[in-house]
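The values are calculated or read from the model by the stated rules, or taken from the named source; none is laboratory data. Quantities reported herein were computed from a predicted structural model and do not represent experimental measurements. Using ideal geometry, Cβ is built from the backbone for each residue, glycine included, and neighbour counts are taken over all protein chains shown.
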Amino acid sequence: MHLALPAVLSALLFCTGLYGVLARRNAILVLMSVELMLNAVNLNLVAFDVWLSSTAEDTLHSGQALTLFTIAVAAAEIGIGLAIVLAVYRNRGTSDIDKLRDTAEGPGPDDSDSDALAAERAEKAEASA
Amino acid sequence: MTLTAAVAAASTTAPSAEGHGFLSPTGVEVAFLLVGLLTFGAALVTVTTRQLVHAALWLVVALGGLAVEYLLLSAEFIAWVQVLIYVGSVVVLLLFGLMLTKAPIGRSPDADSGNRWVALIVAVAAAATLVWVVADAFRATWIDLDGAPAGSTEVTGESLFRNWVLPFEGLSVLLLAALVGAIVLSRKAKEEPSPPPVNSHAGAGSSPSVPDSRNHPIEQEGAL
């Protein structure tokens, strides 16, 4: 098999995930795009491991071992990421990452956002109380 | 005549010298290309659709297509791990996350943020650069899939438990840490201030009386 096929596919998948991370607004959709990027890296690792194991007679299989590690780390990452998203949703009432601007620098258009957030938080507190 | 002879000789010797050619794709290559197109299309729909639950379901198609690609690359153990962990658990976790954050069913107009055109420019530029570099670098490289499979369960298990035992154990520690971290993060912190009124209310009758009877004599003794 031509080695450029999996390499090009993995590059395209990575850039698709890159677009998703940059353009999406919901935090869970951003996590999905991160999964796409991780899978692109996995495809690269597997393809080059198969190539090296037949060409250079590499018996260490570092690419496939690293792929397994990446999959496990991705599973841990998605668990922690969803826990953080749920904690943010419970405190703020939204999972919209454009509205999480508490650490943004300087005054400006953020004030209206923070006011809206404070209003939302007050409403939520009233609702829960 | 010499030119045609040279071209004919080149066209006959070049494939026979390498045994490969662009214009004579093998069945594996054709299957890889078709499944790759399906995977890429599903990934595009995942990042562009406005229906949040559909994005998660198209992600299943993209991840399943990648599992088929692993099978075509003769890495079967990775393929089944991909099906088990990604399609089985990660997507289910994402769907749970969507449900728990009350994601709107149906079209949500604000799924994309305002900087989507900048993101599109960045992604297309990165894709063009990466594809150009990668295709130029591996233009004449072929994977030999005819020998023993490089990723059967036996081969992967041997390499994992002979050469990669220590990282493997470290990974289990990482998973344990992630488990504990997820529990700590998702525990409700607001519950802690509210139980004390209940406890103090229930314990107001009993607990103050017991410490009173025990503490006061000690304090009195200390005072005396």
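Here are a few things to note about the model shown:
- Residue count for the stretch B:126-176 under the criterion of being within 7 Å of chain A (Cβ to nearest Cβ) and in a helix (DSSP H, G or I): the result is 15.
- Of B:Ile121, B:Ile143, all but one fail to be touching a residue at least 60 places away in the same chain (Cβ under 8 Å) and over 21 Å from A:Leu86 (Cα atoms); the exception is B:Ile143.
- Scanning the stretch B:163-172 for residues that are under 13 Å from A:Gln64 (Cβ atoms) and more than 20 Å from the chain's Cα centre (by Cα) returns B:Asn163, B:Trp164.
- Among the candidates B:Val60, B:Val53, B:Val92, residue that is of a type in the set (A, V, I, L, M, F, W, C), without any contact (Cβ under 8 Å) to a residue 12 or more places away in the chain and either within 19 Å of A:Ala27 (Cα to Cα) or facing another protein chain (nearest Cβ under 10 Å) (or both): B:Val92
- Some residue of the stretch B:137-145 being at pLDDT 50 or above, surrounded by 10 or more Cβ atoms within 10 Å (Cβ to Cβ) and under 30 Å from A:Arg92 (Cα atoms): no
- Matching residues in the stretch B:24-50 - criterion: being under 22 Å from A:Val30 (Cα atoms) and surrounded by fewer than 21 Cβ atoms within 10 Å (Cβ to Cβ): B:Leu38, B:Phe40, B:Gly41, B:Leu44, B:Val45, B:Thr48, B:Thr49, B:Arg50
- Filter result for the condition that a residue is facing chain B (nearest Cβ under 7 Å) and modelled with pLDDT of 90 or more, over A:Phe69, A:Phe48: A:Phe69
Yes/no per residue for (1) exposed (fewer than 15 other Cβ atoms within 10 Å of the Cβ); (2) modelled with pLDDT of 90 or more; (3) under 14 Å from B:Ser186 (Cα atoms); (4) of a type in the set (Ser, Thr, Tyr):
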{"residue": "A:Glu77", "(1), (2), (3), (4)": "no, yes, no, no"}
{"residue": "A:Leu82", "(1), (2), (3), (4)": "no, yes, yes, no"}
{"residue": "A:Leu86", "(1), (2), (3), (4)": "no, yes, yes, no"}
{"residue": "A:Asn91", "(1), (2), (3), (4)": "yes, no, yes, no"}
{"residue": "A:Thr94", "(1), (2), (3), (4)": "no, no, no, yes"}
{"residue": "A:Ile97", "(1), (2), (3), (4)": "no, no, no, no"}
{"residue": "A:Ala104", "(1), (2), (3), (4)": "yes, no, no, no"}
{"residue": "A:Pro109", "(1), (2), (3), (4)": "yes, no, no, no"}
{"residue": "A:Asp113", "(1), (2), (3), (4)": "no, no, no, no"}
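- Every residue from the stretch B:95-124 that is under 16 Å from A:Tyr19 (Cα atoms), within 9 Å of chain A (Cβ to nearest Cβ) and assigned to a helix (DSSP H, G or I): B:Arg116, B:Trp117, B:Val118, B:Ala119, B:Leu120, B:Val122, B:Ala123, B:Val124
- Per-region count, the stretch B:70-93, residues surrounded by 24 or more Cβ atoms within 10 Å (Cβ to Cβ) and part of a helix (DSSP H, G or I): 5
- Odd one out for A:Leu43, checked against (1) within 17 Å of B:Ala67 (Cα to Cα); (2) at the interface with another protein chain (Cβ under 7 Å from one of its Cβ atoms); (3) free of Cβ contacts under 8 Å to residues at least 24 places away in the same chain; (4) not acidic (Asp, Glu): (3)
- Against the test of being free of Cβ contacts under 8 Å to residues at least 24 places away in the same chain and under 19 Å from B:Gly41 (Cα atoms), the options A:Leu36, A:Leu66 yield a single qualifying residue, A:Leu36.
- Complete set of residues in the stretch A:77-96 that are part of a helix (DSSP H, G or I) and touching a residue at least 40 places away in the same chain (Cβ under 8 Å): A:Glu77, A:Ile78, A:Gly81, A:Leu82, A:Val85, A:Val88
- Qualifying residues in the stretch A:51-66 (those that are within 24 Å of the chain's Cα centre (by Cα) and more than 7 Å from every other protein chain (Cβ to nearest Cβ)) - the one modelled with the highest pLDDT: A:Leu66
- Given (1) exposed (fewer than 11 other Cβ atoms within 10 Å of the Cβ); (2) at pLDDT below 90, number of the condition B:Glu158 does not satisfy: (1)
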